[in-house]
Each structure stands twice: as C-alpha cells, then as structure tokens.
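Q: Please read through the structure below; I'll follow up with questions.
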Amino acid sequence: MADDRRATPHVFIATTVRLEAGSALQRYKSINLSSEGVFLETAKPLAVGSQCLLRFEMPGAGKVEAHGVVKHHGPLRIQDPDQPARDLAGMGISFVRIEGAGAQALADQIKALTLKKV
C-alpha cells in the first residue's frame, strides 16, 4: 500500500525482529520496512515515544542493529493482490541510528526490492 506521507520506499517483508526496551526483550514480526523505520505486528504495542534497540536479519543486507523510537500505533492496511485487504495491529518504529554498515546495506536492499516490483 502506498502512503503519500512516506519519504522513502517501503517493502512488505516478514522477518523476526528482536526488540529490547529497557529490561524487556521481545520478538515481533515485521510487516513493512524502509531505510527509516519498520512496522511491527503486535496487539500490545509499546508506548509512543519508547526508545528501543532492534536486531533483525534482512535478506540480502545481512544483520541489522538499529536504535529506534515508537512513533505510532494502529492498524496497517495490507492489500495483497490475491487476497482481500486486511488491517494488522501494531506499532511503527522510526530508526534513530543504524549501527555500522547496516544503514547502507538496508537502503540498498530496499531499493533493489522496490525496483524488482516495477
């Protein structure tokens, strides 16, 4: 689904994300991802403004470690070509900083995946 507010391309990709917030450690499934953030599926999102550390593996980009902040809650409408639209509960997290070469690898892989769709 395209969103006019988005400054960077997003790809719909499901990967396991390990999230640390304070002393809590949780695992979530990503729904969509960009070089600036991720939407994680959950019925119990963290509070808006919560800071967190995310670790995940992006096919083609390797392991990514990013510091983030929860920006919003709410459903994300998923529109698959072969299925009816559905809303998934979750939280949007904005990346504040991505460690090492992960930022460029992530941006390059998202760009490559976006170009494949065209």
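Every number in this text was worked out from the coordinates using simple rules, so none of it is lab data. These numbers were taken from a predicted model, which means no experiment stands behind them. Here the Cβ is made from the backbone with ideal geometry for all residues, glycine too, and neighbour counts use every protein chain on show.
Q: Subtract the Cα-Cα distance of ASP87 and PHE12 from 0.36 nm times their separation in residues, and report this length gain in nm to one decimal.
A: Details: separation 75, 0.36 × 75 = 27.00 nm, distance 1.37 nm.
Additional length available on full extension: 25.6 nm.
Q: Right, something else. Stretched out fully, how many nm does the piece from GLN104 to LEU25 gain, at 0.36 nm a residue minus the Cα gap?
A: Taking GLN104 through LEU25 to full extension adds about 25.8 nm, to one decimal.
Q: Something else: Nearest 500 deg cm²/dmol is fine: what mean residue ellipticity at 222 nm does the chain get from its DSSP H runs of n ≥ 4 alone, each adding -39,500 (n - 2.57), divided by its residue count?
A: When only DSSP H runs of four or more count, the value is -4500 deg cm²/dmol.
Q: Still on this structure, I have one more. Express in nm, to one decimal, how much length is gained between ARG55 and ALA112 on full extension, taking 0.36 nm for each residue of separation and deducting their alpha carbon distance.
A: Going from the current span to full extension adds 18.4 nm.
Q: Restricting to lysine pairs 8 or more places apart or on different chains, what number in the chain have Cα atoms under 20 Å apart?
A: Values: LYS29/LYS44; LYS29/LYS63; LYS29/LYS71; LYS44/LYS71; LYS63/LYS111.
Within the chain, the lysine pair count is 5.
Q: With θ taken as phi - 60° and the coefficients 6.51, -1.76 and 1.60, list the Karplus ³J(HN,Hα) couplings across the range 11-22 in order, rounded to whole Hz; mark glycine and proline as x.
A: My calculation for the range 11-22 gives 10, 7, 8, 9, 9, 7, 10, 8, 10, 10, 9, x Hz in order.
Q: Treating only the Cβ of Lys, Arg, Asp and Glu as charged (+1, +1, -1, -1), what charge dipole size does the range 11-112 show about its Cα centre? Round to the nearest 20 debye.
A: The dipole of the range 11-112 has a size of about 200 debye.
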